[in-house]
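Here's the structure, in structure tokens; my notes come after.
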Amino acid sequence: MNKFVYITVLAIIGLNTTACRLAEQRDDLPKQTVDLFVRYLQPEKEYKVEAILLEGDSTPLAKSIRFPEGIRFMDKDMTEIQVTENLLRYTTQFGGGYEQSAKFVFQDKRRTEHSLTLTMQPLGDIQIDFPTDLNGQVQLSISNGGVLQQTESLVAVLTDRTGQTSTVTIQGPSTSGEYAFPMVSFGNPVKGNAEVYFVKKQVRNEQKGNLNVHLVEELYSASLAVKIP
């Protein structure tokens, strides 16, 4: 009986030791950081994507990773560019329709595949009405994609007839695509004909085990003609 108990205790100790070693091995895996930037121009229907993938316990000491199978965005291979001795950048640029659930795919050193899925909705029809005087309110209406999530913002970029640019940022979350803000938020643009376009932006930070993900996605609308009072 005592012998049986002794053997059972040893088995439990052995299992605990193995579990601890596995946990230590997982903790000892190198930390990886993925920095992904995606830009989409709606009028031109064009993607530009850049990615930097680093390995190391801290950013100053981290080095770029060269993957055995490369990395892809929407099933398109990304080109590797040597920026410095310890920094690689992966890029791709191509035309096509906007894909809300586009995927960025890469493998780690163990050939385990990881994927990041985009979630930002494109912008639908935009209507913007400027007031008749500088003390009035700008009225903005976006048919689809105008509702902002917690991680999203919408930037109105106004260029007056002299080329002077000013911006107004609407920070999510929001409950509808209807917005109003003071005309004076644009500062002091020159009176007359002008143009305005919108940049919808999403910033996501995610932690998946030893993988830290930083994603920035920007979507640019067409320019609209407006008149500054």
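The values are calculated or read from the model by the stated rules, or taken from the named source; none is laboratory data. Because the structure is a prediction, the values reported are computed rather than measured. Every residue, glycine among them, receives a Cβ derived from its backbone with ideal geometry; neighbour counts consider all protein chains shown.
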- Query: Which residues, counting only those in segment 122-148, are modelled with pLDDT of 95 or more and among the polar types (S, T, N, Q)?
  - Reply: Q127, Q137, Q139, S141
- Breaking point among (1) buried (at least 17 other Cβ atoms within 10 Å of the Cβ); (2) at pLDDT below 95, for K76: (1)
- Does segment 106-113 contain at least one residue that is touching a Leu at 6+ places or on another chain (Cβ under 7 Å) and among the β-branched types (V, I, T)? no
- Message: Out of V155, V105, I need the residue that is part of a strand (DSSP E or B), within 16 Å of the chain's Cα centre (by Cα), closer than 29 Å to L215 by Cβ and modelled with pLDDT under 95. Which one?
- Response: V105
- Message: If a residue must be assigned to a strand (DSSP E or B), within 24 Å of Q42 (Cβ to Cβ) and polar (S, T, N, Q), how many such residues does segment 109-126 contain?
- Response: 1
- Message: Every residue in segment 188-229 that is at pLDDT 95 or above, under 13 Å from L118 (Cα atoms) and touching an Asp or Glu at 6+ places or on another chain (Cβ under 7 Å), please.
- Response: K201, Q202
- Residues in segment 31-45 that are of a type in the set (D, E) and in a strand (DSSP E or B) total 1
- Message: Would you confirm whether or not segment 216-228 contains a residue that is over 21 Å from the mean Cα position of the chain (by Cα), closer than 30 Å to D35 by Cβ, outside the structural domain of Y40 (by TED's automatic domain parsing) and polar (S, T, N, Q)?
- Response: yes
- Query: Taking the stated definitions as given, is V49 in contact with a Phe, Trp or Tyr (Cβ under 8 Å, 6 or more places away or on another chain), within 21 Å of E218 (Cβ to Cβ), modelled with pLDDT of 90 or more and not in a helix (DSSP H, G or I)?
  - Reply: yes
